[in-house]
Every structure is written in structure tokens, then in C-alpha cells.
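Chemist: Sharing a structure below in C-alpha cells format, with a few things to ask.
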Amino acid sequence: MLLGAHVSIASGMYKAFERGEGFGCEAIQIFTKSARQWAAKEITDEIAAAFKEARSSSPIEKVVVHDSYLINLAGQDQERWEKSVDAFIVEVERAELVGADYLVLHPGYYKEATRQEALDRVVEAFGKTLDAVGKVNVMILVENTAGMGHGLGAEFFDTGDLLDAMGDDTRFGGCFDTCHAFVAGHDLVSDYDGVFSKYDDEVGLERLKVFHLNDALFKVGSGKDRHSRIGEGFIGADVFTKLVNDNRFKSIPGILETPVENDENDSYGHEIVKLRSYVKGKNTRKKIDWGEYE
Ligand SMILES: [Zn+2]
Ligand SMILES: [Zn+2]
């Protein structure tokens, strides 16, 4: 797995690379704008060029963008839905501008509608998005969710149905969040193989492009989405050991979204060193200096 973390773009988008490198990341995830606001500062040619320049000399191999938390493509309220679609189009355009590999989204939530109506809404939104952005290289990844309230994505077949509805369009794929899966009832602890064979049946492992590596503060099936540090939650070190040694996921980014303090004793650097210590055999990736956290 390409180990990485969600990093800040404060005081310059390109700074995400030096932050990520400081933690020993092989992949990073960013927001290209505030995740809790609709408005976005324009990505000028200079900003995009600086980002790509920083990437070209960085050992970081993959760049993932996460979309805004405000966007709900499954909603039934027309005005809010249109606003969400417009905002999602902007997210895709921005991710494309900076040359990101993937854009992750939560499929959305619904009230006073059936699951099918909600899915149809998302598919319609994806269609509008593709019409608006034209040919893009960035892949759009549907993340599995914790399943609180009327949320799509707690079942793997929600993702599968959405991807199927997009036909064989290779611009779509899946993102697997370990905490979300576990609290939604997919028991990685007692049945690691079963969970992934289910994902394979309902989505297809070949369509899985990014992991979010988060331990879970609450129990399996609790529906409560609270992340905890790796090895300190109900998922535990054994599952993460299996994941980082699973050959099927060898070249897939595994992005940390765990609650670290960002101080010298507790940062994504420490989380990555912990994950690396779970990797069996020799470290074949020589480009990165792990010294700082060892
Ligand atoms: Zn996530
Ligand atoms: Zn979460």
C-alpha cells in the first residue's frame, strides 16, 4: 500500500507536498477548498503550476482530493441538489486543474425518498457533471459510509449500483474507508476475507482505487462515524497488518484521516511509522527517509 495522509493546503496548495513528505507519505489527500463552505478561491494558472512543480520533484506518487462535506448529490430538494451539482462540477474541475489522480465523494443522504430514488438522483448528477466537465483524467471515487440516518454507501452494493449505472466508464471507481465499513457492520476483525470478497462481489476489487485507513472509536455495526488512531480502536492492529501486507492492495493509496494532535509525539508521521512497522519483509521503497519519526 502507498501510505499517506490527509494534509492541509494552508498558505499555499503546493505546501501539501512538503507537509506530506515530512510525514513520510507516499500519497496525500487534500481539500482544494474549505470543506465546509460553498465558496472557493480560484485556482489560478500560477497556483496549478506551483502544485505540479512541487509534485514533479516529490516522492509522493498519488494525489487524492476529497470533495466538500456540503455536497449532497442524493438529495430530493431541487434547489439544494442543483447547488450541490454545481459545486461538484467545480470540485471535479479543480481536481483536474491540479492534476489530481482521484476525487473522493460521499454518495449522499436522502429523506422522504426511496433508496432507488436517491441513487437515481446521484446518477443524474454524475451525468450532468460529465456533460459539464467533458473529458477529464481525474477519477471519481464513491466512498463507503458509516450509514448514519438515510445515507447511501453503508452497503457496498450502493457503490456497486452507482458504478454499474455509469456503465463501463473508467472515470468512476470506489474508495474504501475502514472505519466506515466497520461501524456500518462489515466486520473486518472477525471476517477480513469475507468483507473483501463481499466488496468484490458487489463492487469489484478492480474498481477499488483508494483506502481511507482509520481505526474506529465505536463498535462494529454501531453506525457511529468517529475515527480513532491506528491500533487504538475497535478495528485494531491485526486488521491493519493484514491490509498493509495484502498484495491485492500493493499499489493503492492508503490515506490516514485519524485524529492526531499534530505535535511532536502524535502526528501522521507517527501513524505512518506505526503502519510501516506492520509491513512484513523488506521495505522496497527506498526513496523516502523515515528517520525523523524513528
Ligand atoms: Zn473517509
Ligand atoms: Zn469518517
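Chemist: Past 32 Å, Cα to Cα: identify those pairs from K83/K242; K83/K274; K128/K250; K62/K242; K62/K83; K33/K250, in the order given.
Modeler: Values: K83/K242 41 Å; K83/K274 41 Å; K128/K250 34 Å; K62/K242 22 Å; K62/K83 29 Å; K33/K250 30 Å.
From K83/K242; K83/K274; K128/K250; K62/K242; K62/K83; K33/K250, over 32 Å: K83/K242; K83/K274; K128/K250.
Chemist: Something else now. If you keep only loop residues by DSSP, which GluC sites (Glu not before Pro) in region 71-163 have at most 12 other Cβ atoms within 10 Å of their Cβ? Show your work: numbers first, answer last.
Modeler: Working: sites: E79, E82, E91, E93, E96, E112, E117, E124, E143, E155; in loops: E112, E155.
Passing sites in region 71-163 are E112.
Chemist: Moving on to the next point. Counting other C-beta atoms within 10 Å, and keeping those with at most 16, which DSSP coil chymotrypsin sites (Phe, Trp or Tyr not before Pro) do you find in region 34-78? Present the calculation step by step, with values, prior to reporting the outcome.
Modeler: Values: sites: W38, F51, Y69; in loops: W38, Y69.
Those satisfying the criteria are W38, Y69.
Chemist: So, one more: Which one of Y268, S34, V210 has its Cα pushed farthest toward the positive end of the charge dipole of region 2-293, where Lys and Arg give +1 and Asp and Glu give -1 at the Cβ?
Modeler: Positive-most Cα among the choices belongs to Y268.
Chemist: Here is a further query. Once Lys and Arg get +1 and Asp and Glu get -1 on their Cβ, which of A125, G167, N137 lies farthest toward the positive end of the dipole of region 119-173?
Modeler: N137
Chemist: Moving on. Expressed as a whole percentage, what fraction of the accessible surface of region 2-293 belongs to carbon and sulfur atoms when a 1.4 Å probe is rolled over the protein heavy atoms? Don't skip to the answer; put the middle values down first.
Modeler: Working: 6210 of 13020 Å².
Percent of accessible area from carbon and sulfur atoms in region 2-293: 48.
Chemist: Given region 2-293, what percent of its DSSP beta bridges are antiparallel, to the nearest 5? Write down the numbers at each step before the final one.
Modeler: On the way: 4 of 33 bridges.
Taking every DSSP beta bridge with both residues in region 2-293, the antiparallel ones total about 10 percent.
Chemist: Round to the nearest 10 and report in Å² the accessible area of F249, as given by a 1.4 Å probe over the protein chains' heavy atoms.
Modeler: 0 Å²
Chemist: Can you give the accessible area per residue of the chain, in Å², using a 1.4 Å probe? List each step's numbers first, then the result.
Modeler: Details: 13190 Å² over 294 residues.
Result: 45 Å² per residue.
Chemist: Can I ask one more? Heavy atoms of the protein only, probe of 1.4 Å, neighbouring chains included. What is the accessible area of R229 in Å², nearest 10?
Modeler: Approximately 60 Å² for this residue.
Chemist: Starting from the coordinates of the alpha-carbon atoms of the chain, obtain the Kirkwood hydrodynamic radius over all distinct pairs and give the value in Å to one decimal.
Modeler: Values: mean 1/r = 0.0518 Å⁻¹.
In the chain this quantity evaluates to 19.3 Å.
Chemist: Where does each of E202, E271, E261 land when they are ordered by accessible area, with a 1.4 Å probe and the largest first? Before the final figure, lay out the partial values.
Modeler: Numbers: E202 50, E271 5, E261 120 Å².
So, going from the largest accessible area down, we get E261, E202, E271.
Chemist: If you don't mind, there's one more thing I want to ask. Under a point-charge model restricted to the Cβ atoms of Lys and Arg (+1) and Asp and Glu (-1), what is the dipole moment magnitude of the chain relative to its Cα centre, in debye to the nearest 20?
Modeler: In debye, rounded to 20, the chain gives about 600.
Chemist: If contacts are Cα pairs under 8 angstrom and at least 6 residues apart, what is the relative contact order of the chain in percent?
Modeler: Relative contact order, the chain: 17 percent.
The values are calculated or read from the model by the stated rules, or taken from the named source; none is laboratory data. Predicted model only: the values in this text are computed from it and were never measured. Don't worry about glycine lacking a Cβ; one is built from the backbone with ideal geometry, like all the others, and counts go over all protein chains shown. Keep in mind that these areas ignore ligands, DNA and RNA; they rest on the heavy atoms of the full protein, side chains included. Shrake-Rupley method; radii C 1.70, N 1.55, O 1.52, S 1.80 Å.
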